[in-house]
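These notes concern the structure reproduced below.
The values are calculated or read from the model by the stated rules, or taken from the named source; none is laboratory data. The structure displayed is predicted, hence computed values, not measured ones. Here the Cβ positions follow ideal geometry from the backbone for every residue, glycine too, while neighbour counts run over all protein chains shown. In case anyone asks, the SASA skips ligands and DNA or RNA and just uses the protein heavy atoms, side chains included. Shrake-Rupley method; radii C 1.70, N 1.55, O 1.52, S 1.80 Å.
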Amino acid sequence: MAELRRAYGAAPWHLLLLAGCFAVAGWIALRLAGEPAAGRMLLWFVGAAIAHDFVLFPAYASVDRVLRSASRHGGNRALLNHVRVPALGAGLLFLVYLPGILGLGDGTYTRASGLAPRARFGQWLAVSAVLFAASALLYGIRRLSRRARPPVR
Amino acid sequence: MPARPPAPTGPDGPPSAVPARLWRGLDRYRPPGVDAVARAWRSPVRGPWLTSVLGAVLLVTLPLVIVTGLLDWIAYGPRFGQAFPAGVGWLHPPVFDWPTRPAWLFRVTQGLHVTLGIVLVPVVLGKLWSVVPKLFDWPPARSIAQVLERLSLLLLIGGILFQIVTGLLNIQYAYLFGFDFYTAHWYGAWVFTVALVTHVAIKLPRLVTALRGPGFARTPLARTRPEPPDPDGLVARRPRPATMSRRGVLAVVGGGALLLAALTVGQSVDALRRTALLLPRGRRFGAGPNGFPVNRSIAAAGVTPAQTGPGWRLTVRGAGRTVTLDRGQLLAMAQHTAALPIACVEGWSTAQTWTGVRLRDLAALVGVAAPGSARVRSLERAGLFRQAALQGNQVTDPDALLALRVNGVDLSPDHGYPARVIVPALPGVHCTKWVEEIAFDG
């Protein structure tokens, strides 16, 4: 047992657990292999992880880097989170409701419901503007109250 | 932290696993850029505590999404072969007859599945942010155990993102992926679930240790410091000063979840319908008693006014007898009114007041006193849901109706005129519209 543990690099139950995990995943892969769109499913499965790790994450990390350096050079660190938070909110909404915002499903929607799709890009802009405005308002209130009451040292 | 350095046989010790030369070689070889990447992780709030808090939230909530998803498959009626995908082999939850009570059952399970699935998106993204340095770790593994574990993480992360993306595209009608949604979302769920079980079994002790240790829930920005180096290497080696406290990060993640909840619940709550601003169902569907969401219009179903006009007849079959009724004869039968929700697999729902003939009265008309099941057929010829089978309890429930009217007026063509099925807790797609025939089995 100790020899297995050393050679494998973890306890035997670790191996059993992972073997079980890959057995189920492998069975599913075999089952889906006959599907005409199996390749596409695999592409979307792996692609989702790649898109997150190598596109989405670097993109928002770079934007944050720019914001941080701007706030450092601007000498106003308190403002940073008042830009970050609404930007994250707007970005999150864009990501989650992207098909509606960009009208990607409009054709299917109209065919199914008989209704004309609404342009939701403007609504997303409006919600984002509200988020930024609320953050700016809070920032203003904080500054005013800080000026009125200097911090106790 | 262990009192003495971890034994060299442990997964985190110097490589001694088989084949030792490979792992030692990997350890010594530094491809260009890996040191720069390792130094680039500078957030001082990354560490076991933050990852464990986000992990604990997902550990409690994701099982709800998984279970409600499986319940949805059961609600579709696998016994009649109408749960999609069909023919799933041994990989399915125990099948039982979907109850009709409480009437809001499917509304709640499916609303929870879709709404919670959306609301958890920022938690998942936050969790991934908290562990992303691990992806670029060098060496990528020091033993076969670590290689396998990393592969299982591809199933975990690919799985959760695949489920989120296919789910979000499906409820917004954007079938960009070009494969069958039901098949993909079902098997994707199983891959994710087994990977999640594996991950939790391996990492739960870490989570418990981190949450039992010193907490940071009350630490303000001014006192936010990195955690001591951890065995998983989450804590930055070269942290910069904090720009946001850990509780600040959690508040941002929670705020994102609340924002999504606020813009999604309108799908399921009639009074808040229009707050679902960015979703297809967050709108008014015309004024008046028939002004509630339509999933499939009469035009989309290819049903013509001639078919639903005065010439329309309902055929009722059972026990060797066949009865044909026109709408006037149906209206002359005992009418029953029930306030019932109708809920779609895509997460939206609405409650309306329906009036019509009890299904069990129709069964009695053709001499089926104790119906075991019923098959309902629509005038629609092409759609996946042009017919539906109902279980015995879904026929005999006193509120199970062939509805002729809604909210005091005739059904509109888009809501299924001349007659549609409405049964408590039955998935919306099985509440067949433009009914042409009902066959009862004893």
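List of remarks:
- Residue in segment B:92-111 that is farther than 17 Å from B:H185 by Cβ, in a loop (DSSP other than H, G, I, E, B) and of a type in the set (K, R) present: yes
- Condition check for A:R72: more than 9 Å from chain B (Cβ to nearest Cβ), modelled with pLDDT under 95 and surrounded by 11 or more Cβ atoms within 10 Å (Cβ to Cβ): yes
- Residue list for segment B:224-270, filter: in a loop (DSSP other than H, G, I, E, B), crowded, with 21+ Cβ neighbours inside 10 Å and of a type in the set (D, E, K, R): B:E227
- In the set (1) farther than 17 Å from B:G356 by Cα; (2) aliphatic (A, V, I, L, M); (3) at pLDDT 95 or above, the condition left unmet by B:L384 is number (3).
- Residue within segment B:174-186 that is open to solvent by less than 40 Å² (accessible area, probe 1.4 Å), among the acidic types (D, E) and facing chain A (nearest Cβ under 10 Å) present: no
- Check on B:V131, more than 30 Å from B:E346 (Cβ to Cβ) and without any contact (Cβ under 8 Å) to a residue 40 or more places away in the chain: no
- Of the candidates B:A425, B:A370, the single residue that is open to solvent by less than 10 Å² (accessible area, probe 1.4 Å) and hydrophobic (A, V, I, L, M, F, W, C) is B:A425.
- Whenever a residue of segment A:13-26 is of a type in the set (F, W, Y), its partners that are open to solvent by 30 Å² or more (accessible area, probe 1.4 Å), lying with C-beta atoms within less than 8 angstrom and at least six residues away or across chains, give the pairs A:F22/B:L148; A:F22/B:L151.
- Hits in segment B:198-219 (condition: open to solvent by 50 Å² or more (accessible area, probe 1.4 Å) and either of a type in the set (A, V, I, L, M) or not assigned by TED's automatic domain parsing to the domain that holds B:L54 (or both)): B:L204, B:V208, B:L211, B:A217
- Selected residue [open to solvent by less than 50 Å² (accessible area, probe 1.4 Å), touching a Phe, Trp or Tyr at 6+ places or on another chain (Cβ under 9 Å) and farther than 21 Å from B:G383 by Cβ] from B:V316, B:V345, B:V357, B:V323: B:V316
- Once segment A:80-135 is narrowed to residues that are of a type in the set (G, A, S) and not in a helix (DSSP H, G or I), the residue that is surrounded by the fewest Cβ atoms within 10 Å (Cβ to Cβ) is A:A116.
- Residues within segment A:104-144 that are within 25 Å of the chain's Cα centre (by Cα), under 16 Å from B:P293 (Cβ atoms) and polar (S, T, N, Q), tallied: 0
- First in segment A:29-48 and farther than 12 Å from B:V165 by Cα and more than 8 Å from every other protein chain (Cβ to nearest Cβ), second anywhere and surrounded by fewer than 16 Cβ atoms within 10 Å (Cβ to Cβ) and at pLDDT below 95, Cβ under 6 Å, 6 or more apart: none
- Residue among B:S16, B:S52, B:S43 that is among the polar types (S, T, N, Q), assigned to a loop (DSSP other than H, G, I, E, B) and modelled with pLDDT of 90 or more: B:S43
- Within segment B:373-417, the set of residues being within 17 Å of B:T304 (Cα to Cα), among the small types (G, A, S) and buried (at least 22 other Cβ atoms within 10 Å of the Cβ) comprises B:G416 only.
- Residue ID - farthest from A:G100 (Cα to Cα), chosen from residues in segment B:276-315 that are within 11 Å of chain A (Cβ to nearest Cβ) and of a type in the set (V, I, T): B:I298
- Residue match in segment B:27-44 (condition: crowded, with 22+ Cβ neighbours inside 10 Å, farther than 30 Å from B:Q267 by Cβ, more than 12 Å from chain A (Cβ to nearest Cβ) and not aromatic (F, W, Y)): no
- Candidate set: segment B:73-106, residues that are touching a strand residue (DSSP E or B) at 6+ places or on another chain (Cβ under 7 Å) and open to solvent by 60 Å² or more (accessible area, probe 1.4 Å); chosen: the one nearest to A:R31 (Cα to Cα): B:F80
- Qualifying positions in segment B:170-192 - of a type in the set (A, V, I, L, M, F, W, C) and over 16 Å from A:L104 (Cα atoms): B:F179, B:F181, B:A184, B:W186, B:A189, B:W190, B:V191, B:F192
- Checking A:A29, A:A33, A:A19, A:A25 one by one, the residue that is of a type in the set (A, V, I, L, M), open to solvent by less than 50 Å² (accessible area, probe 1.4 Å) and not assigned by TED's automatic domain parsing to the domain that holds A:R142 is A:A25 and no other.
- Residues (out of contact with any Phe, Trp or Tyr (no Cβ under 9 Å at 6 or more places or on another chain) and either closer than 25 Å to B:N295 by Cβ or more than 8 Å from chain A (Cβ to nearest Cβ) (or both)) located in segment B:139-166: B:P140, B:V147, B:R150, B:L153, B:I164
- Filtering segment A:136-153 to residues that are touching a His at 6+ places or on another chain (Cβ under 9 Å) and either open to solvent by less than 50 Å² (accessible area, probe 1.4 Å) or outside the structural domain of A:G89 (by TED's automatic domain parsing) (or both) leaves only A:Y139.
- Failed condition for B:D230, given (1) more than 27 Å from A:T110 (Cβ to Cβ); (2) within 12 Å of another protein chain (Cβ to nearest Cβ): (2)
- Segment B:240-273 - residue that is in contact with a strand residue (DSSP E or B) (Cβ under 9 Å, 6 or more places away or on another chain) and of a type outside the set (A, V, I, L, M) and, of those, farthest from B:S43 (Cα to Cα): B:D270
- The single condition among (1) at pLDDT 95 or above; (2) more than 9 Å from chain B (Cβ to nearest Cβ); (3) open to solvent by less than 50 Å² (accessible area, probe 1.4 Å) that A:A61 does not satisfy is (2).
- Filter result (at pLDDT below 95 and of a type outside the set (G, A, S)) within segment A:32-58: A:E35, A:P36
- Candidates B:R281, B:R273, filtered to the one that is within 30 Å of A:L95 (Cβ to Cβ), charged (D, E, K, R), modelled with pLDDT under 95 and assigned to a loop (DSSP other than H, G, I, E, B): B:R281
- Residue check for A:L67: closer than 19 Å to B:S43 by Cβ and not charged (D, E, K, R): yes
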